[in-house]
Amino acid sequence: MAANQANDQPSFNVAKSPDVEQQTQNDELDYTKRGQWLRAAILGANDGLLSTASLMIGVGAVRKDVETMILSGVAGLVAGACSMAIGEFVSVYSQYDIEMAQLKREGNTENMGVEQLHAEKEKLPNPWHAAGASAISFAVGALVPLLGAAFVKDYAVRVGLIIAVVSFSLLMFGGLGAFLGKAPIAKSALRVLIGGWMAMGATYGLTKLVGSSGL
């Protein structure tokens, strides 16, 4: 009797249909891709922030006028964004070629229709998207020290303001990158901040040394 009652109870452990499982896998894959793009964008912005700030502080160790520091920052923004875009484009295009060659070796492209082949290509990394995202994220990061120093005439206040806004931004970028990578946020943010201070300090000190040597 008890066995019959147990059998009559509704079961909640219903197996998911293949379509539901496939949709769940696709959602997880899309989330993973978005996370990778976001993390790459954060790293690019962090690179633009730190390299531009270090360049401005380094040049400012020798030339203290605001025009020279701003000009060096603009040059760093343009050169860095172009370098990031070209490097990312070449790297991702190489990956695209490798994966397309693998599809051809497996004979998959010969058995696909036009729409299916197009869908497979859409899954591959897009070099143009990668290049644009890298350039934009770098430029956004580089704008932080530029805007922080653009309207300050006093040299000491200008450098202090650059260090302050860069330090705050490094903490933000470090914490956000750790969150996306599921790493300890406080530890990762502090590591990024200390690394940024070291980079700016080394750039300032070495440029000052070279400038004082009369080269």
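Okay, here's what the table says:
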| read-out | value |
| --- | --- |
| Boolean, Val20 is of a type outside the set (Gly, Ala, Ser) and either exposed (fewer than 10 other Cβ atoms within 10 Å of the Cβ) or modelled with pLDDT of 60 or more (or both) | no |
| Any hit, the range 119-139, residues being in a helix (DSSP H, G or I), over 24 Å from Gly87 (Cα atoms) and at pLDDT below 90 | yes |
| Contacts under 6 angstrom Cβ, first residue in the range 150-177 being under 16 Å from Lys64 (Cβ atoms), partner of a type outside the set (Asp, Glu) and outside any helix (DSSP H, G or I), 6 or more apart | Tyr155/Lys64; Arg158/Val152; Leu161/Val152 |
| Options Val74, Val92, Val66, Val59; residue that is β-branched (Val, Ile, Thr) and free of Cβ contacts under 8 Å to residues at least 40 places away in the same chain | Val92 |
| Qualifying positions in the range 55-86 - under 16 Å from Gly141 (Cβ atoms), of a type outside the set (S, T, N, Q) and surrounded by fewer than 17 Cβ atoms within 10 Å (Cβ to Cβ) | Val74, Ala75, Val78, Ala79, Cys82 |
| Qualifying position, being surrounded by fewer than 17 Cβ atoms within 10 Å (Cβ to Cβ), among the β-branched types (Val, Ile, Thr) and either in contact with a Leu (Cβ under 7 Å, 6 or more places away or on another chain) or in a helix (DSSP H, G or I) (or both), among Ile163, Ile194 | Ile194 |
| Odd one out for Gly177, checked against (1) in contact with a Leu (Cβ under 9 Å, 6 or more places away or on another chain); (2) modelled with pLDDT of 90 or more; (3) farther than 16 Å from Val144 by Cα | (2) |
| Boolean, Gly113 is at pLDDT 80 or above and either in contact with a helix residue (DSSP H, G or I) (Cβ under 7 Å, 6 or more places away or on another chain) or surrounded by fewer than 16 Cβ atoms within 10 Å (Cβ to Cβ) (or both) | no |
| Which listed residue is farther than 14 Å from Thr52 by Cα, surrounded by 15 or more Cβ atoms within 10 Å (Cβ to Cβ) and either at pLDDT 90 or above or over 18 Å from the mean Cα position of the chain (by Cα) (or both), from Thr207, Thr203 | Thr207 |
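The values are calculated or read from the model by the stated rules, or taken from the named source; none is laboratory data. If you're wondering where the values come from, they're calculated on a predicted model, not measured in any experiment. No Cβ is skipped: glycine too gets one built from the backbone with ideal geometry, and neighbour counts run over all protein chains shown.
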